[in-house]
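A short worksheet on the structure shown next.
The values are calculated or read from the model by the stated rules, or taken from the named source; none is laboratory data. If you're wondering where the values come from, they're calculated on a predicted model, not measured in any experiment. All Cβ positions, even for glycine, are placed from backbone atoms using ideal geometry, and neighbour counts span all protein chains on display.
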Amino acid sequence: MRFFAFVAALLFLAATISCSRPAPAGDFPKLAGEFVYTSLSFSPVSASGQGLHEWNGHHFDSELDDVSFSAVNKQRDFLTSFHKRLEAIDKTSLSAEDRADYDIIDSQIGLGLFDLDIAQTWRHAPQSYVELLGTALFNPLVLDYAPEDQRFRDVIARMQKTPAFLDEARRVLFAAPGIWIQVAKEENTGNIDLIDNTLRKACPAALKQQFDAAASPALDALRGFNAFLDNELPKRSGGAAPDWRLGAERYAVKFKLALATDRKPDEVLADAESRLQQVRAKMLELSLPLHARWFGSHGDHGDLKGEDRENKVIGEVLDRIADSHSTRESYFDDAKKDLAQATDFVRAKNLLSLPSTANLQVIPTPEFERGVYGVGGFSPAPILQPQLGAFFWITPIPAGWPKNRVESKLREYNFYNLQLLVLHEAMPGHYVQFEIASTIEPKTRRVLRGLFGNDPYIEGWAQYATQTMLDSGYLDNSPELRLQLLKQELRVDANAILDVRMQSSRMTDEQAMQLMERDTFQEHEEAVAKLQRAKLSSAQLPTYFVGWRDWLRVRDLARKTEGAKFNLHDFHDKVLKEGAVPLPVLARLVTGKELGQ
């Protein structure tokens with residue numbers, strides 16, 4: 001379906017429904033529950049991973065997703081028909097909390113239809129099938145939802161279905177950008193290793209024979225899929241591979257749906273580019289005393305002007321800071337020590353009410369996820385079974401990397417930047433955020449906001465929480481740590497600039513690398529990984545910038561509204577108990593006012 005035809009169809013649908021008789025507002029909670037569980041049922045892998053093991057007679061733990069043409073049509077029909085039913089609800093009569101849930105479902109329907117009919121990732125993104133399969137095999141290994149022998153029976157059952165799953169993926173894939181094919185091959189090799197080494201070693205002795213029998217055809221199918229990626233998929237486009245860019249018009253639609261913001265891409269771009277210059281000025285101011293201490297022998301480069309002086313002074317200070325870093329061998333354990341230190345600080349400063357659970361595990365990033373998570377990441381606990389634990393991923397440095405690549409990564413994630421990674425991903429960032437959200441009642445609301453949570457809320461909280469830790473004196477108000485946070489703020493600015501400009505075809509690879517390496521002081525290895533990420537995703541990289549700025553606005557609005565009664569601890573507890581609603585919605589829920597007031 002052509003783009004403008006798609007948009008026109010949605011507008012016509014909304015217009016015709018709005019003229020119909022509204023349904024009672026009391027029907028909405030039941031409707032929301034239907035949307036949540038039916039959506040989950042389309043993906044047995046996701047359902048099982050979120051703690052929904054069976055529903056309406058379907059047992060999800062041993063199943064793989066149906067990725068056929070008919071399954072795509074079924075999802076499209078569901079979203080279209082559900083949109084009609086949703087629009088029949090008079091949302092003005094809903095409670096504030098139900099209205100927030102309504103808006104989440106509405107955006108999710110639009111985003112789902114956009115992906116199915118406009119972006120069509122199911123036809124063009126081979127890495128999505130590889131990552132889905134990796135998740136299907138990995139989750140039973142690390143999520144203790146049943147006895148080990150039963151979980152490995154689920155792994156075996158999914159391996160038995162792997163050849164048919166990959167056959168179906170080959171049927172629906174039409175063509176793919178070269179970078180997507182490359183990443184799919186790398187991650188698929190990770191799936192081969194997952195079966196042939198990790199799972200094989202962990203399999204209970206009593207199931208070894210069954211495992212081996214299922215593993216052999218599964219591994220053959222995975223190797224065959226790599227051959228398909230190498231030899232056949234590139235030819236299906238007729239010689240011209242599709243562009244990974246959405247283009248300005250399609251990107252603007254996805255941007256609005258995914259971020260749930262009234263700000264347009266070019267508004268965010270202008271803001272980010274302006275902020276980048278402001279942050280660089282702050283970094284120069286903070287760097288000058290450190291530069292005088294460390295490089296007094298050659299002065300502060302007063303003979304240089306503007307950006308040249310900033311780059312020289314700030315660059316020399318950051319290079320000196322980067323000298324303090326982990327070794328390849330200690331990198332993982334150092335992150336765990338930083339986690340313990342951050343947890344003690346949050347308690348000492350009483351910044352918020354920490355979850356009563358202690359179920360966070362620090363593990364290496366699964367190989368099939370390392371194409372996107374080149375440094376680390378966070379995987380929250382299953383929404384319906386939070387007791388099974390959450391995972392803070394640290395991506396190991398590959399054994400085959402040459403010394404210069406290893407050193408580049410370790411310098412980028414030096415002593416101070418590794419601390420910031422821990423604050424963002426775990427404490428008091430994503431882990432705390434998701435753990436508190438896992439207590440939301442009623443359950444349908446908890447699952448809805450967990451499954452389809454607003455990304456600017458999620459990523460913005462992690463950035464905001466990191467800043468709050470430093471504002472509260474973390475690491476004794478270390479100027480080196482503050483300088484690294486400002487460097488991270490530059491990276492957040494650059495993320496937004498990269499996404500908007502690259503997706504709308506206004507930036508080349510060379511310009512992107514210059515932005516990251518020269519203008520925002522990123523190490524080469526970090527910049528290469530981010531450039532790849534910018535080509536693998538869209539409308540995700542700006543969520544950090546939009547979210548961080550709006551979290552500060554929500555806090556300022558709450559402080560203005562409450563006056564002398566405002567308490568930071570209570571504010572954090574209140575906003576985290578809402579779960580990942582869009583930030584303009586959060587402002588209304590906690591202050592009763594609009595974010596712009």
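For the reader, a short list of remarks on this structure follows.
- Residue within segment 110-130 that is assigned to a loop (DSSP other than H, G, I, E, B), in contact (Cβ under 8 Å) with a residue 24 or more places away in the chain and of a type in the set (Asp, Glu) present: no
- Number of positions in segment 55-71 that are at pLDDT 95 or above and not aliphatic (A, V, I, L, M): 9
- Qualifying residue in segment 510-522 (condition: modelled with pLDDT under 95 and either hydrophobic (A, V, I, L, M, F, W, C) or under 21 Å from the mean Cα position of the chain (by Cα) (or both)): yes
- Condition check for LEU339: in the same structural domain as ALA494 (by TED's automatic domain parsing), assigned to a helix (DSSP H, G or I), of a type outside the set (Asp, Glu) and under 26 Å from the mean Cα position of the chain (by Cα): yes
- Count of segment 39-77 residues which are part of a helix (DSSP H, G or I) and under 13 Å from TYR145 (Cα atoms): 3
- Residue pairs whose Cβ atoms lie under 6 Å apart, sitting 6 or more positions apart in sequence or on different chains, and linking a residue in segment 525-543 that is under 13 Å from VAL500 (Cα atoms) to a partner that is surrounded by fewer than 22 Cβ atoms within 10 Å (Cβ to Cβ) and of a type in the set (Val, Ile, Thr), are LYS535/ILE179; PRO542/VAL268.
- Check on ASN350, in contact with a His (Cβ under 6 Å, 6 or more places away or on another chain) and either modelled with pLDDT under 90 or surrounded by fewer than 18 Cβ atoms within 10 Å (Cβ to Cβ) (or both): yes
- Qualifying residue in segment 581-597 (condition: crowded, with 23+ Cβ neighbours inside 10 Å and among the small types (Gly, Ala, Ser)): yes
- Segment 444-485, subset crowded, with 21+ Cβ neighbours inside 10 Å and basic (Lys, Arg), residue nearest to ILE104 (Cα to Cα): ARG449
- The set of residues in segment 504-528 that are assigned to a loop (DSSP other than H, G, I, E, B) and farther than 19 Å from LEU485 by Cα comprises SER504, SER505, ARG506, MET507, THR508.
- Against the numbered list (1) in a helix (DSSP H, G or I); (2) surrounded by 13 or more Cβ atoms within 10 Å (Cβ to Cβ); (3) free of Cβ contacts under 8 Å to residues at least 60 places away in the same chain; (4) aliphatic (A, V, I, L, M), ALA281 comes up short only at (2).
- Residues of segment 376-389 satisfying the condition of being in contact with a helix residue (DSSP H, G or I) (Cβ under 7 Å, 6 or more places away or on another chain) and either closer than 20 Å to GLU525 by Cα or in a strand (DSSP E or B) (or both): GLY376, GLY377, PHE378
- Single condition TYR145 does not satisfy, out of (1) surrounded by fewer than 18 Cβ atoms within 10 Å (Cβ to Cβ); (2) not in a helix (DSSP H, G or I): (1)
- Close pairs from segment 572-597: first touching a residue at least 60 places away in the same chain (Cβ under 8 Å), partner part of a loop (DSSP other than H, G, I, E, B) and surrounded by fewer than 17 Cβ atoms within 10 Å (Cβ to Cβ), Cβ under 7 Å, at least 6 apart: ASP573/SER353; ARG588/GLU594
- Filter result for ALA494 (surrounded by 20 or more Cβ atoms within 10 Å (Cβ to Cβ), under 30 Å from LEU354 (Cβ atoms) and either more than 20 Å from the chain's Cα centre (by Cα) or aliphatic (A, V, I, L, M) (or both)): no
- Any hit, segment 353-368, residues being farther than 30 Å from PRO442 by Cβ, in a helix (DSSP H, G or I), assigned by TED's automatic domain parsing to the domain that holds GLU425 and not aliphatic (A, V, I, L, M): yes
- All conditions in (1) part of a loop (DSSP other than H, G, I, E, B); (2) closer than 17 Å to MET283 by Cα; (3) basic (Lys, Arg) hold for ARG328, with the sole exception of (2).
- Segment 236-262 - residue that is aliphatic (A, V, I, L, M) and out of contact with any Ser or Thr (no Cβ under 6 Å at 6 or more places or on another chain) and, of those, surrounded by the fewest Cβ atoms within 10 Å (Cβ to Cβ): ALA240
- Scope segment 286-303; condition loosely packed, with under 11 Cβ neighbours inside 10 Å and among the acidic types (Asp, Glu); matching residues: ASP303
- The set of residues from segment 224-235 being surrounded by fewer than 13 Cβ atoms within 10 Å (Cβ to Cβ) and either in a loop (DSSP other than H, G, I, E, B) or not aliphatic (A, V, I, L, M) (or both) comprises ASP230, ASN231, GLU232, LYS235.
- Qualifying residue in segment 436-457 (condition: in contact with a Pro (Cβ under 9 Å, 6 or more places away or on another chain), in a loop (DSSP other than H, G, I, E, B) and under 19 Å from GLY49 (Cα atoms)): yes
- Hits in segment 143-183 (condition: more than 27 Å from PRO380 (Cα to Cα) and of a type in the set (S, T, N, Q)): GLN160, GLN182
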